[in-house]
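Following: one structure in structure tokens, then a few remarks.
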Amino acid sequence: MFSKETYINRRAELKKLVENGIVVFFGNNGSPANFPNNGYHPFRQDSTFLYYFGQNREGLVGIIDIDNDTETLIGDDISIDDIVWYGAVDSVHDMAEQVGVAHSAPMKALTTICHEALREKRPVHFLPPYRFDTKIQIFDLLGIHPNQQKESASLALIHAVVKMRSVKSAEEIEELERAAIIGYRMHTTAMKMCRPGITEKEIAGTLDGIANSMGAMVSFPTILSQHGEIQHGSPSMAPLQAGKLMLCDAGAETINNYCSDNTRTTPVSGRFDQRQLEIYSIVEACHDYALSVAKPGVKWWDVHFGVCRLMTERLKEVGLMKGDTDEAVAAGAHAMFMVHGLGHMMGMDVHDMESFDQIYVGFDDEVRPNLEQFGTNCLRMGRRLQEGFVVTDEPGIYFIPALIDEWKASGHCKEFINFDLLETYKDFGGIRIEDDLLITGDGCRFIGKDRIPYHPKDVEAFIAR
């Protein structure tokens, strides 16, 4: 938790941005895994609740009454039965005081507060809910059916929170640097463990243990697979095979719930073969291109499509693509190989504020998403960069057999893709290189003082030590 003044200042700024009404921030409740007393652990608080109210306990709600300039932390103190099993915790009154909130009240007061605001015809601002129990709570409090709550969420509040959370403060950057230290340990461990015969599960389980031992948890379920063409490939009991590539996309959260997110692709045999090196060098060049051009004022949309053009040019050199580069990119032919966007915002959520809908987080009135074109519809970020933004730089090239078959059968983009040669890559897998970038005053920099090896010679030298 940050200082009391941090939370006081954040709430004060939010009041200025939202201007009127009451704001309701729902904290998360515990989630049972298979019966009520066996919950998923560790507990993960809602990120926006943490941002403004700082307390990492289940069953809390934060209220900001802008019109009357009051703030209240809502929650029930735990019973003696809970203390027996889980130990004593601070009272809700004490937790409120710790973050500079003057008032506290039991959960039953929430109904009174919301109903009184509705009776007075004052706006009740809430964010789009993503948990079913919160949706039921909103239905009970405000009478809005769960199917209508996303559309009924407050745009004024969404825009205010995005404005504030997008630009990271110095203390937030320090937390992100701490997350990067854990991420470095995770990824370098995976690279060292990568060898024929060890299972994907064993490596992934080790990484998850590192995150748990050094921080709060993993920032998302670890992706580790020899089938790197599967975007969210879960680790299996399959042993690693010589000649294959291991793609590892993993990250950690600090105790204060700030994230890291990196991807590395490691040759299981210890060295890249010629075909792997050709494709890897293209991804490496795209990754470094983004580093060279990302700075305040530049649209991430333009960085993404600059990467797409570079990738297309280089894939033409190895014979996998053909034709005019600009026409190929305009037609979306590059999405045969890179089915996702170049990156996303990151902070307390690994896909920062994605529960609000990326149309509000990664885009704005100037830069709108293209939801129609395959591949481009998965671009989560397009807006102009600002100093203090944290974005991921994660180009990749994937050879997805089902996608190859579908496009070949339909003739889609046949004027830009060499399907005969592409057939020979169906056993290749996929390659992604990902790092977290902080946008600085005149450019960008990596987050994390130690660089996880990614240049081919550095990768081979590191795993040979």
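Residue check: is residue 446 open to solvent by 10 Å² or more (accessible area, probe 1.4 Å), out of contact with any His (no Cβ under 7 Å at 6 or more places or on another chain) and under 17 Å from residue 285 (Cα atoms)? Criteria met by residue 446. Residues of the range 370-405 that are over 27 Å from residue 227 (Cβ atoms) and either touching a His at 6+ places or on another chain (Cβ under 9 Å) or acidic (Asp, Glu) (or both): 372, 382, 387. Filter the range 154-182 for residues that are of a type in the set (Gly, Ala, Ser) and surrounded by 20 or more Cβ atoms within 10 Å (Cβ to Cβ) and give the result. Selection gives 160, 179, 180.
Hey, does the range 49-68 have a residue that's out of contact with any helix residue (DSSP H, G or I) (no Cβ under 8 Å at 6 or more places or on another chain), assigned to a helix (DSSP H, G or I) and surrounded by 14 or more Cβ atoms within 10 Å (Cβ to Cβ)? The answer is yes; a qualifying residue exists. When 205, 197, 209 are screened for being within 30 Å of residue 402 (Cα to Cα), open to solvent by 10 Å² or more (accessible area, probe 1.4 Å), assigned to a helix (DSSP H, G or I) and not hydrophobic (A, V, I, L, M, F, W, C), only 205 passes. Pairing each residue of the range 43-70 that is basic (Lys, Arg) with any residue that is open to solvent by less than 20 Å² (accessible area, probe 1.4 Å), provided the two are 6+ apart or on different chains, yields C-beta distances under 9 Å for 44/28; 44/253; 44/257; 57/27; 57/45; 57/75; 57/92; 57/95.
Report yes if some residue within the range 181-193 is of a type in the set (Lys, Arg) and more than 15 Å from residue 452 (Cα to Cα); otherwise report no. There is no residue in the range 181-193 that is of a type in the set (Lys, Arg) and more than 15 Å from residue 452 (Cα to Cα).
Within the range 2-29, the residues that satisfy the criterion of being of a type outside the set (Phe, Trp, Tyr), under 27 Å from the mean Cα position of the chain (by Cα), outside any helix (DSSP H, G or I) and surrounded by 14 or more Cβ atoms within 10 Å (Cβ to Cβ) are 23, 24, 27, 28, 29. Being assigned to a loop (DSSP other than H, G, I, E, B), of a type in the set (Asp, Glu) and more than 25 Å from residue 254 (Cα to Cα) is a property that holds for residue 366. If the condition is being over 20 Å from residue 279 (Cα atoms) and either assigned to a loop (DSSP other than H, G, I, E, B) or basic (Lys, Arg) (or both), then the range 294-320 contributes 294, 295, 296, 297, 298, 299.
The values are calculated or read from the model by the stated rules, or taken from the named source; none is laboratory data. Since the structure is predicted, the reported quantities are computational estimates derived from the model, not experimental observations. Here Cβ is always computed from backbone atoms with ideal geometry, including for glycine, and neighbour counts include all displayed protein chains. Surface accessibility is based on the protein's heavy atoms, side chains included, excluding ligands, DNA and RNA. Shrake-Rupley method; radii C 1.70, N 1.55, O 1.52, S 1.80 Å.
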